[in-house]
Amino acid sequence: MKTISILGSTGSIGTQTLEVAEEQNDIKVAALAAGSNIELLEKQIRKFRPALAAVWNEEKAKELKEKVKDLNVRVVSGMDGLVEAATVEEAQIVVTAVVGMIGIRPTIAAIEAGKDIALANKETLVTAGHLIMPLAKEKGVQILPVDSEHSAIFQSLNGERKREISKILLTASGGPFRGRKREELKQIQVEDALKHPNWSMGRKITIDSATLVNKGLEMIEAKWLFDVDIDQIQVVVQPQSIIHSMVEFIDGGIIAQLGMPDMKLPIQYALFYPERRFLGGERVDFAKLGQITFEDPDIETFLGVPFAIDAAKKGGSMPTVFNAANERAVSKFLNRKVSFLEIYDIISECMNAHKVILNPNLEQILETEQKVYEFIESRW
C-alpha cells in the first residue's frame, strides 16, 4: 500500500493523481491540500477519506470544517496547514502540484521529513534548486518528476550514466500560436491563449505554454534535476506531442520516451517508480499518425526560452525574478489588465532592474519574489 499526500488536489495534476489513486487499489490518501475550491475538496475528502485537509484561504477552511464535521478529518489552513499536509507522518510520497512559489516551503519540509517528492511544482526547482537538490541528496529522498517532459528524460536515463549525457532534447508542442509572428500576437485575447492544441492543463500553465515561458521554466528545472549545464539543453518543437523528450549521449545515441499526451502516465510512473502499472487509454498508432515532425522554436517571437537561458546563466536570484515576474504578468493578462505581448515586457523590465544575489537562502528568494511583485504593481 502506497500512502500519499497531495498538495494542490483540486488542480489539474491533483485531480488526475486522485483518478490514478482510484484506478489502483493500493493507494491511500493521507492528506489533501487546496487553495480555495472547497466544493471540490469536500467531494474529494468524502471519496478518499484523508485524515488531514489543508486550505490556503483561512475563511474557506472554516467553511470546509463545517461542511465535513460529520467526518473524521482535521482541517487546517495557511502555510502552516500546507506544511502539515506535506509532512503528515503516514505519507511516503508527497505530490507537489500547487502553482507558484508557495510550494517551496512545504517541499523543503517534506524532504526534511524524509518524504519522496513527486514533483509537479516547477517553481520549487526554478527558484530554489540550489537548496532543494543538495537537501534531497543529504536526506536520501527521491525527486520523481511529474512533468511529462522531465518524466520522459527520467525514463530515458534509466540504466544510463548521467555523466554520459551530451544534451537533453526538451520537446515542445509550440503552443496555440506556433507559426505566428509578433505582429499577429498584438490582438490576442485570453480565450485564444487558453486553447492549447494537445494538452488539458490549468489556466496559468496554458498561458505559459503559449508564451513558451513554460519551456523556459522546464529548461531551468531540467538543469537541476539532471545536473546539466543550461547549454546542454535544447528545445525542439514537436507539434504532435508524441515524443515527450529525448536524451542524446556522448556516443551520439539518442533515447526518447513516446506516448499519447496523457498526464496520468508520468503521474502514475512517479507514484510507483520503478514499477510500471497498466494504464488504460488510447495508444499511439504509428500508421495512423503517419509522421512526427520537428522544428526549431521561434525565439524571436516567443521570448520565454531566451529569457530562461539568460536567467539560468546569471543564476542566483535571477531565476526567481524570471519566475515571479511571469507569474504576476500572467495573472494580469488573465484578468485582462495587460496584453499578451506585455507579459514579455514585464519579465524583461524586472530582469533588467534586478541586482543578482549569488547564493540566496530561502528568505532572500521569497523577499526577491515580493520585490518583483511590488516593482510590477508600481508600473502596471
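Here are some notes:
- Those strands (runs of 3 or more DSSP E) of region 211-274 in which at least 1 residues are in contact with a Ser or Thr (Cβ under 8 Å, 6 or more places away or on another chain) and open to solvent by less than 10 Å² (accessible area, probe 1.4 Å), considering only elements entirely within it, cover 233-237, 243-249.
- Qualifying residue in region 280-290 (condition: in contact with a Pro (Cβ under 7 Å, 6 or more places away or on another chain) and either aromatic (Phe, Trp, Tyr) or over 19 Å from residue 222 (Cα atoms) (or both)): no
- Members of region 67-110 that are of a type in the set (S, T, N, Q) and farther than 21 Å from residue 141 by Cα: 72, 77
- Residue in region 308-322 that is of a type in the set (A, V, I, L, M, F, W, C) and farther than 25 Å from residue 105 by Cα present: yes
- Pick from region 280-290, criterion without any contact (Cβ under 8 Å) to a residue 40 or more places away in the chain and assigned to a loop (DSSP other than H, G, I, E, B), ranking: farthest from the chain's Cα centre (by Cα): 290
- Residue that is most open to solvent (accessible area, probe 1.4 Å), among those in region 165-188 that are in contact (Cβ under 8 Å) with a residue 24 or more places away in the chain and among the polar types (S, T, N, Q): 166
- Among the candidates 139, 162, residue that is touching an Asp or Glu at 6+ places or on another chain (Cβ under 8 Å) and closer than 19 Å to residue 232 by Cα: 162
- Subset of region 140-164 that is part of a loop (DSSP other than H, G, I, E, B) and open to solvent by less than 20 Å² (accessible area, probe 1.4 Å) - its residue that is farthest from residue 14 (Cα to Cα): 157
- Answer residue from region 293-302, given it is touching a Pro at 6+ places or on another chain (Cβ under 9 Å) and part of a loop (DSSP other than H, G, I, E, B) and is surrounded by the most Cβ atoms within 10 Å (Cβ to Cβ) among those: 299
- Scanning region 1-38 for residues that are surrounded by fewer than 18 Cβ atoms within 10 Å (Cβ to Cβ), touching a Ser or Thr at 6+ places or on another chain (Cβ under 9 Å) and more than 25 Å from residue 148 (Cβ to Cβ) gives 28, 36.
- Filter result for residue 355 (open to solvent by 40 Å² or more (accessible area, probe 1.4 Å), in contact (Cβ under 8 Å) with a residue 24 or more places away in the chain and at negative phi): no
- Test: residue 325 is among the hydrophobic types (A, V, I, L, M, F, W, C) and free of Cβ contacts under 8 Å to residues at least 40 places away in the same chain: no
- Check on residue 90, open to solvent by 10 Å² or more (accessible area, probe 1.4 Å), touching an Asp or Glu at 6+ places or on another chain (Cβ under 7 Å) and within 27 Å of residue 265 (Cβ to Cβ): no
- When residue 379 is tested against the conditions (1) at pLDDT 95 or above; (2) open to solvent by 40 Å² or more (accessible area, probe 1.4 Å); (3) among the basic types (Lys, Arg), the lone failure is (1).
The values are calculated or read from the model by the stated rules, or taken from the named source; none is laboratory data. Keep in mind that what you see is a predicted model, and the values were worked out from it rather than measured. Cβ sites come from the backbone with ideal geometry, for glycine too, and all protein chains shown count toward neighbours. Remember, those area values only see protein heavy atoms, side chains included, never the ligands or the DNA or RNA. Shrake-Rupley method; radii C 1.70, N 1.55, O 1.52, S 1.80 Å.
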